[in-house]
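Visitor: I am attaching a structure below and will ask some questions about it afterwards.
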């Protein structure tokens, strides 16, 4: 997965996550399919989806003093594990 750094981070909540283009997991992103565009990184195409684990997505509310990429990735990995 890929996660872009949002403008204003760390005060701004992390918003997007990308999975490889064509991933069968994209249609089951929590909240439904929500294509937010694509990026190319490391020679691969990634489809971005808006995912807010710290804002109604199952995780605790976003707190810039406690949450960051570590907790965001943790929530994403937990979500992906539940799908398998």
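Visitor: Consider residue 25 against the criteria (1) within 23 Å of residue 8 (Cα to Cα); (2) modelled with pLDDT under 90; (3) surrounded by 11 or more Cβ atoms within 10 Å (Cβ to Cβ): it satisfies all of them except one. Which criterion is unmet?
Guide: With (1) within 23 Å of residue 8 (Cα to Cα); (2) modelled with pLDDT under 90; (3) surrounded by 11 or more Cβ atoms within 10 Å (Cβ to Cβ) applied to residue 25, the lone miss is (1).
Visitor: I'd like the full set of residues that are surrounded by fewer than 17 Cβ atoms within 10 Å (Cβ to Cβ), at pLDDT 80 or above and in contact with a helix residue (DSSP H, G or I) (Cβ under 9 Å, 6 or more places away or on another chain), limited to segment 49-68.
Guide: 60
Visitor: So residue 12 clears everything in (1) within 21 Å of residue 71 (Cα to Cα); (2) surrounded by 14 or more Cβ atoms within 10 Å (Cβ to Cβ) except one condition, right? Which one?
Guide: The single condition residue 12 does not satisfy is (2).
Visitor: State yes or no: is residue 46 farther than 21 Å from residue 10 by Cβ, surrounded by 13 or more Cβ atoms within 10 Å (Cβ to Cβ) and at pLDDT 85 or above?
Guide: yes
Visitor: Another question, then. Just give me the residues in segment 32-84 being under 11 Å from the mean Cα position of the chain (by Cα), within 16 Å of residue 5 (Cα to Cα) and in a loop (DSSP other than H, G, I, E, B), in sequence order.
Guide: 51, 52, 53, 54
Visitor: Find the residue count for segment 16-31, including only residues that are touching a strand residue (DSSP E or B) at 6+ places or on another chain (Cβ under 6 Å), assigned to a loop (DSSP other than H, G, I, E, B) and in contact (Cβ under 8 Å) with a residue 24 or more places away in the chain.
Guide: Within segment 16-31, residues that are touching a strand residue (DSSP E or B) at 6+ places or on another chain (Cβ under 6 Å), assigned to a loop (DSSP other than H, G, I, E, B) and in contact (Cβ under 8 Å) with a residue 24 or more places away in the chain number 2.
The values are calculated or read from the model by the stated rules, or taken from the named source; none is laboratory data. Bear in mind the structure is a predicted one, so any value in this text is a computation, not a measurement. Don't worry about glycine lacking a Cβ; one is built from the backbone with ideal geometry, like all the others, and counts go over all protein chains shown.
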